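First up is the structure itself, then whatever we jot down about it.
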Amino acid sequence: MSMRLNGLIRKEFIQIIRDPSSIAIAFLMPLVLLMLFGYGVSLDSEHIPLGIVTESNSADASDFTASFHASRYFKTSHFSDTRGAVDAMMSGSISAVIVLRQDFSKQLRQPGGSPVQLLLNGVDENTARIISGYVDGSLQSWLEHASAARGLPLELPVKVEQRIWFNSELRSRNFLVPGLIAVIMTLIGALLTALVMAREWERGTMEALLVTPLSMSEVILGKLIPYFLLGMGGLALSVAMALWLFHVPLRGSLWVLFACSALFLITALGMGLLISSVAKNQFIAGQVAIIGTFLPAFILSGFIFDIDSMPGIVRLITHVIAARYYVAILQTVFLVGDEWSVILPNAGALVLLAAVFLGLTWKNTRKRLE
Amino acid sequence: MQESVNRAISASNLSKSFQAGKRRIEALKKISFEVRRGIVTGLIGPDSAGKSTLMRLAAGLLVPDEGSIIVAGMDATRESLKVQGTIGYMPQRFGLYEDLTVLENLDLYADLQGVPPGERPSRYEALLNMASLSPFKDRLAGNLSGGMKQKLGLACALIRQPSLLLLDEPTVGVDPVSRRELWSIVYRLVRENNTSVLLSTAYLDEAERCDEVILLHEGRVLQTGCPESLREPLKGRIFAVKSSAMSKRNLQADLARKPGVIDALIHGDHVRVVMERKNPPDPEPDMTVMPLAPRFEDGFVAMLKDKRETVAADEIFGRSLPLQSGPVIELDQLERRFGNFYAVKNVSFSVSGGEVFGLLGANGAGKSTTFRMLCGLLQPSNGKLRVAGVDLRHAASKARAKIGYMSQKFSLYSNLSVLENLRFFGSAYGLSGKTGSDRLDWAMEEFSLSSVSDTVSGDLSLGYKQRLALACALMHEPEILFLDEPTSGVDPLARREFWHRINTLASNGVTVMVTTHFMEEAEYCDRLAIMAEGSILTLGTPSEIKAGAISEHLPEPSMEDAFVELIRSREKS
Amino acid sequence: MGKRIFALMIKEFLALLKDRKGRLVLIVPPMIQLVVFGYAATFDLKRVPYAVYSEDRGHASRDLLAAFKGSSSFALKAQLNDESRIAGLVESRQVLMVIRIGRNFSSDLLSGKPAAIQIIADGRNSNTAMLVVNYAGTIVKAFNSDWAAKHGSAIPVHIETRSWFNPNLESRWFFIPGIVGLLTLLVTVLVTALSVAREREQGTFDQLLVTPLSPIEILIGKALPGFLIGVGEATVVTLAAVLWFKVPLLGSILALYIGILLFLLSAVGMGLMISSIAVTQQQGLLGAFFFMVPAIILSGFATPIRNMPSIVQDITLVNPLRYFLVVLRGVFLQGTPFRLLLPELWPLALIGVISLATARWLFRNRMY
C-alpha cells in the first residue's frame, strides 16, 4: 500500500474515533435499531383481546367458548349484547368478536349446524387475518375434543396440516434481526460515507487534498477501506447480538455470512460514494441517502413486505435495490444454511451492482473542483 | 521555451466563467500575465476580482474556458497531477482537519506528499519552529486561534519544499501580529530556498511587501509591475491637512467636496488627501498642509475612484439626535468566565454620545466576548454594564430597541431578497405603517439598493451585502451602532464609502462601537481600546497610542507598529 | 407583539420556501414515502409462488387444487412428481409454499374419513409464512363448506366471518392513514428542528437576538410555521389518501383536525427541543433521526403495540404518534364518534403541553 493511501486511511480512522456522530451512526444506531426491533417489534400475536357475545347461556355455549379461553392466542372477555362488543371493538379494547346466537344450542343439533359469527376489526388487516386463522384453529381443536367426547366423527372434510420450515415456532425475531443487519449495513455504508465525503467538500479539506499528488483512485480507496472496516465492525456487533442476545439460529457458516456481507458493504459504499460525488453538501447527501438507500432497504428489500405481492412497477424497481439480494442471503444463511442456489445468484447480482455503482463513481469523480 | 523556464507561471488569454443561480459570472476575462521565479508576487484585488479562480486554475483544480496556464513549465490543465507534485497550495479556507492534532495534520500531508519518514522529524521541527507552533504539537487544529490555523496551513503546504507556493488570501481574518509572522515565513522561504510565491490578498498595504504585483479588478488585469510603479505617478499629490478650527470629520467632508480632490481620508489627527494634480488643495484659514509620501492604496484608489459613484448624504436620519450628556456605554469591571477560563476580566471603560470607539485585539484577545456582552448576546459573569442608560441584564428588550448591530459575516437571510430583509428587520424593530414604509424608502435611496431590491441577498456582491447589512441595522434609527469587523474582505473603495457613512452618523450624534483587524481603520476612530488576554492593554486616541510606541528605530510608528509593539512587550513581560 | 411575531413568521416561511433545499425537504421525501408506502408496504399476498405434489388422482383433489389455481394470491410454479424435489424448491426460494396431497385423499374424503393435506411454507419470513398458511386455510375452508353443502355434513358449527371497517382486508387502508401521521411528524419535526440551527450556521441568529424580539416571541415565531406546515402536510396527504388511494374517510373532519392540532403540539415541541440543543444542521438532522425512528417503530404504525413486551408497551405511553395513529385510523376507517376518541385526545394534549413547556425552558437556557 502506498504511503499516500496509508496516510489517508490513518487520518480517516483518527477522525472516526474523534467524531461522535460517526461513532453514533456506526455503533449506537445498530444497537438502538437492534434493541428496538429485537425487543420492541413483534408480529407474533398472542393474547389477542377477543370479545365473546353469548346471547343465551347454555352448556353447549360454554363448552364451545372454553376452547377460546384455553387458547394462548386469545384473551377473552364476555359481552351480553353485540352492541357493547362493537363499541369496545371500535375503541380498540378488543380486536374481534365472536357471536353465539340465542338458538346456538338448538341449531347445533340441526343438520346444517349452528352458524357462529366472527366479527373482525379489519383496520389492522394483518392482525385480522391472523385472528381468523387462530379462530379456525380453535374450532378444529373443539371439533376434535367434541368428537372424542361424543364418539362422533365431527371432523372437517379436509384438514390442513401446517409445516413451517426453517422457523417452525414462527418467531418474528428470527427474520427481523437478520433483515435488520441489511438496514444497518446500508446506514454505515451509504449514509455515513455520503456524509463524511460531503463534509470534506463543505469544510474545504477536499480542495487541499486535490492539490496533492493523490490520484482519484487513492481518494476513493482512502474512503472505501476505513468505512469498509468500520462496517465490518458494525456487522460483527450485529451478528453477535443476533446470536447471543436474540438467539437467532445461524444454520449456515460464518464465513459465508461475512463474505456476502463484505460484498454488500462494498455495494453500499459504492452507493454512498456515488451520492457524494453528486451531492456535495451534507444536508442534500443525507436526504438522498435516506430516500435512496435507507428507505428502500426497509420497505423494498423483502425484509418485512413480500416482494412478489408488490405491484409490477415496484417489483421492477426492487431489482436495483441491493438490499433485496442481501436480505435474501441473510435470511437463508441464518435460517436455512449454506444454500448455494440462493446465495450464488444473489451474490452475483450484488457483484454486478457494486461494479455499476463504483464504475459510476469513478466516472463522476474527477480531480477538479467543478 | 527558454523564456518559460524562467517563469514560475505564465498565463495567456485565460478565461473562466461560472454559473451562479441564474447568472453567469465571468470570473476571468482573457487575462495574460507572468510570474517570475524566486520572488514574491502579489495578486491584488478586491473581493470577487477573480483571485481565487486564478489560483485554482494554476493549481490545476479548474479547467479554463479558453487560454492556457503554464506552471513550472507544465500545462496546469493537462498535466495537473505533475504540477500538483511540484507546487504547494494553500486555499482560502485551508483544509485543516479540525479533529486532527497539529502533528497528525502534518503527518497526513507528509504522507500525501511522499516525504520519506527519515526526513520528517527534522522537517517538522523546522516548520513548527518557523510557525512557532512547537508548544502546540498535540493540540487539535480546531482549537487553534485563527492565526495559528493559517500558520499550520502554511506549514502543511510547505511540507515538501515546493518550488512554487500558491497562497490564496492567507492573511484574511488574521491579527496583525500573526500576519507579520506569516510574512516573515514567506520571506524566509524566498530567501533561503529560492521559492517562488504567488500570494493573493485584499489588504492593499500587503502589496507593498511584494516584489511584484498583479492588480486584478473585475476579472481583468489592471496593472502589473513593482509596487513602486503604482505609487510613482502619485508623488507630490498626497497631502496631510490639519485644521485648528474644524473637527476632523467636518474637515474631511469639506475637503472631499473641494475641486481636484480624488480622496480625503481621516488618518489619525490629520486628513489624508489625494489630489488629481500635483498641487495642494485650496488653502483656508486655520488649515495647515504638509506633503506626504504616496502609498500603494493611494494609487489603487486614484486608479479606480472615477469608476465608482460616491453617495452618502450629510444627514443620515434627516435629523440630528439630541446630544447625550454623559456616557452612553458604560462598563465597570466586566468579567466573563467560561468554566475556569476568563475570556474577559476586569474591563472598564465608557463611551460618550457621538463618539466612534474602536476595540482592537489579536484573535482570542476577548474583544468579541466583550462585544457580545455589550450587544446583550452574552450574559456577563460579573461587573456592571449599561447601554443607553439601561442595565442589559434587566431591560434587555428596551435597550435593544436603541441599538443597531452589524456582524462580520453580514448575517442576512441569504435566500430572502433585499426588500424582504429590510422589511423583516423593520418589523422586528416594531416599525409599521407610514413610519415603516418611510424608513424602507429611505434605506433604498440612501444605500442605492433600489436596483437590486428583488435580488436574493445571497447573490449580492460583498460590497452590496455590506450596504444592506448596515441598512438593516439602521432601519430603526438606533442611538448606538455596534459594528463587528464591518469591512472584512470588502475592497478599499467600498470601505471608504462605508466609513464616510459612519462618520456622518457620528456627527449626527450616533454613538459607534467598532471592532476591526484593519489598523488603517483604527485611525478613523476617536478613541481606541486594545485588548489582550481578556483585559485592556491601552486606551486612548490613535495619536496617543502611536506616541506610546515611539522608539529609536521607529520614530514614526504606524498604528500597526504600535499594536505589534504593545502585544510583543506584553508577551515579554 | 403580534406584528413582530407575524413578521418573523412571514420571514420563516420565505426562508423555507425560497430555499431550494427547504422546498426539497417539504415536497420530495414526503411524496416518495407516500408512493413507496402506498404501493409497496402491503401484507396482501399476491402471486405467491407455490408447487404441488399430489399423489391422488381423484376429482376431489383436482377441485381443491383448482381453487388454489384460481386464487390471485397464489401462482403455481411447479407440479411435482417426485417428493425429493420439494426440499430443493423451498430451500432455493423458488416457491414459498408446497401443497402435498396424499394417495388416499379422495377416497378418504368420499368415505367420510378425515382427509388431510399438508401445507409446507417457507418460514424465513415468518409473517409471510403465517399469511400463506392463513390464505391457504381460507381456500380450504371454502372448499369444506362447499363439500359439506353438497354431501351433507356432520359439522355442527360453521364460522361466518365479517370484517368490519375494512371488508376486503386491504393493507393499504391500514397503512395510508398511518402515513398521514408519519409524514406530518417527519416534516414538522424536520422543519422546526433545523430552523434555529440554520440561523446559527448563517450567523443570523445573533442578528435576531439583538432586535427587541423576546425569547418567547422568537419561539412562537418559530413554532407557528411548523404548525401551519404540519396542518398543510396533513391536509395534502389526507387528500391524496382519499382521492388517489381511495381510502374511506368516514368520521368527522372536525375530529380529525382536532387530533392533528393536538398532535402538532408535541411534534413542534419536539422539533423546537432538538432545535434549541443542536448547534449545526447536521446535529439537528441526527437528533431528528434518533427521535423519529423509535417514535415510528414504537407507535403501532406497522406492528401492533399489543405484541410488544409489556415494558416496551409502557414506554409507548409517552409516544404522541401512538395516540394520533388511533385517532387517524378511527376517524378514517371506523368513523369513530368523538366521545370514543377522548381517551386518545387528552394524553395527546398533555404530551403536547409538556413538550412545548420543555422546549421553552430549553430555549431560554440555551439561547446565548
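The values are calculated or read from the model by the stated rules, or taken from the named source; none is laboratory data. Everything numeric here is computed off the predicted structure, so don't read it as measured data. Cβ: placed from backbone, ideal geometry, glycine included. Neighbour counts: every protein chain shown. Ligands, DNA and RNA are stripped out before the accessible areas are found, and what is left, the full protein with its side chains, is counted by its heavy atoms. Shrake-Rupley method; radii C 1.70, N 1.55, O 1.52, S 1.80 Å.
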| task | Could you grab me the full set of residues in the stretch B:64-108 that are without any contact (Cβ under 8 Å) to a residue 60 or more places away in the chain, under 24 Å from B:Asn129 (Cβ atoms), open to solvent by less than 10 Å² (accessible area, probe 1.4 Å) and more than 7 Å from chain A (Cβ to nearest Cβ)? | result | B:Val102, B:Asn105, B:Leu106
| message | Filter the stretch B:482-509 down to the residues that are among the acidic types (Asp, Glu) and in a helix (DSSP H, G or I) and list them by number. | response | B:Glu497
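Residue by residue, here is whether (1) modelled with pLDDT under 85; (2) within 31 Å of the chain's Cα centre (by Cα) holds:
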| site | (1), (2) |
| --- | --- |
| B:Thr53 | no, yes |
| B:Pro64 | no, yes |
| B:Ile70 | no, no |
| B:Asp75 | no, no |
| B:Arg93 | yes, yes |
| request: Quickly run through the stretch C:39-73 and pick out the residues that are within 10 Å of another protein chain (Cβ to nearest Cβ) and open to solvent by less than 30 Å² (accessible area, probe 1.4 Å). | output: C:Ala40, C:Ala41, C:Thr42, C:Phe43, C:Asp44, C:Leu45, C:Val48, C:Pro49, C:Ala60, C:Ser61, C:Leu64, C:Ser73
| query | In the stretch B:179-191, what residues are under 14 Å from B:Leu165 (Cα atoms), free of Cβ contacts under 8 Å to residues at least 40 places away in the same chain and not hydrophobic (A, V, I, L, M, F, W, C)? | reply | B:Arg191
| note | When restricted to C:Leu265, C:Leu249, C:Leu272, the only residue in contact with a Leu (Cβ under 9 Å, 6 or more places away or on another chain), crowded, with 24+ Cβ neighbours inside 10 Å and in contact (Cβ under 8 Å) with a residue 40 or more places away in the chain is C:Leu272
| remark: From the option list A:Leu139, A:Leu180, single residue qualifying as buried (at least 19 other Cβ atoms within 10 Å of the Cβ), facing chain C (nearest Cβ under 7 Å) and of a type outside the set (Val, Ile, Thr) is A:Leu139
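Which of the following residues is more than 14 Å from chain C (Cβ to nearest Cβ), over 22 Å from B:Phe518 (Cβ atoms) and among the aliphatic types (A, V, I, L, M): B:Val344, B:Val356? Step through it out loud before you land on a result.
Values: B:Val356 fails: over 22 Å from B:Phe518 (Cβ atoms).
Result: B:Val344 is the single residue among B:Val344, B:Val356 that is more than 14 Å from chain C (Cβ to nearest Cβ), over 22 Å from B:Phe518 (Cβ atoms) and among the aliphatic types (A, V, I, L, M).
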| query | Which one of these is more than 30 Å from A:Asp63 (Cβ to Cβ), away from chain B (no Cβ under 14 Å), hydrophobic (A, V, I, L, M, F, W, C) and open to solvent by less than 20 Å² (accessible area, probe 1.4 Å): A:Phe175, A:Phe166? | reply | A:Phe175
| task | Scan the stretch C:108-128 and give yes if some residue there is in a helix (DSSP H, G or I), in contact with a helix residue (DSSP H, G or I) (Cβ under 8 Å, 6 or more places away or on another chain) and more than 7 Å from chain A (Cβ to nearest Cβ), otherwise no. | result | yes
| Hey, does the stretch B:165-184 have a residue that's polar (S, T, N, Q), open to solvent by 10 Å² or more (accessible area, probe 1.4 Å) and within 13 Å of chain A (Cβ to nearest Cβ)? | no
| Can you name the residue in the stretch B:64-76 that is in a loop (DSSP other than H, G, I, E, B) and touching a helix residue (DSSP H, G or I) at 6+ places or on another chain (Cβ under 8 Å) and is also nearest to B:Asn13 (Cα to Cα) among such residues? | B:Pro64
| note | Of the listed residues (B:Leu470, B:Leu483), the one being within 14 Å of chain C (Cβ to nearest Cβ), at pLDDT 85 or above and within 21 Å of B:Gly146 (Cβ to Cβ) is B:Leu483
| task | Tell me, yes or no, whether the stretch B:520-528 has at least one residue that is among the basic types (Lys, Arg) and either in a helix (DSSP H, G or I) or without any contact (Cβ under 8 Å) to a residue 60 or more places away in the chain (or both). | result | no
| said: Out of the residues in the stretch A:1-24 meeting the condition of being buried (at least 16 other Cβ atoms within 10 Å of the Cβ) and more than 8 Å from every other protein chain (Cβ to nearest Cβ), tell me which one is nearest to A:Ala70 (Cα to Cα). | reply: A:Ser22
| said: Give me the residue from the stretch B:417-455 that is open to solvent by 40 Å² or more (accessible area, probe 1.4 Å) and charged (D, E, K, R) and, out of that set, farthest from the other protein chains (Cβ to nearest Cβ). | reply: B:Glu445
| message | Tell me the residue from B:Ser414, B:Ser350 that is surrounded by fewer than 20 Cβ atoms within 10 Å (Cβ to Cβ), among the hydroxyl-bearing types (Ser, Thr, Tyr) and under 23 Å from B:Gly326 (Cα atoms), please. | response | B:Ser350
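Mind telling me which of the residues C:Ala142, C:Ala149 ends up being out of contact with any Gly (no Cβ under 7 Å at 6 or more places or on another chain), farther than 17 Å from A:Leu139 by Cα, part of a helix (DSSP H, G or I) and open to solvent by 10 Å² or more (accessible area, probe 1.4 Å)?
C:Ala149
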| In the stretch A:46-73, which residue that is touching a Leu at 6+ places or on another chain (Cβ under 6 Å) and within 12 Å of chain C (Cβ to nearest Cβ) is most open to solvent (accessible area, probe 1.4 Å)? | A:Asp60
| note | Here the residues within the stretch A:249-279 that are farther than 19 Å from A:Ile321 by Cα and aromatic (Phe, Trp, Tyr) are A:Trp255, A:Phe258
| message | Looking only at the stretch A:324-351, count every residue that is more than 13 Å from every other protein chain (Cβ to nearest Cβ) and touching a Ser or Thr at 6+ places or on another chain (Cβ under 9 Å) and tell me the total. | response | 3
| remark: Only unsatisfied item for B:Val115, checking (1) part of a loop (DSSP other than H, G, I, E, B); (2) open to solvent by 10 Å² or more (accessible area, probe 1.4 Å), is (2)
| Do we have any residue at all in the stretch B:56-63 that's free of Cβ contacts under 8 Å to residues at least 60 places away in the same chain, touching a helix residue (DSSP H, G or I) at 6+ places or on another chain (Cβ under 6 Å), over 30 Å from B:Leu140 (Cβ atoms) and within 12 Å of another protein chain (Cβ to nearest Cβ)? | yes
| Yes or no: C:Pro343 farther than 19 Å from C:Phe227 by Cβ and of a type outside the set (Asp, Glu)? | yes
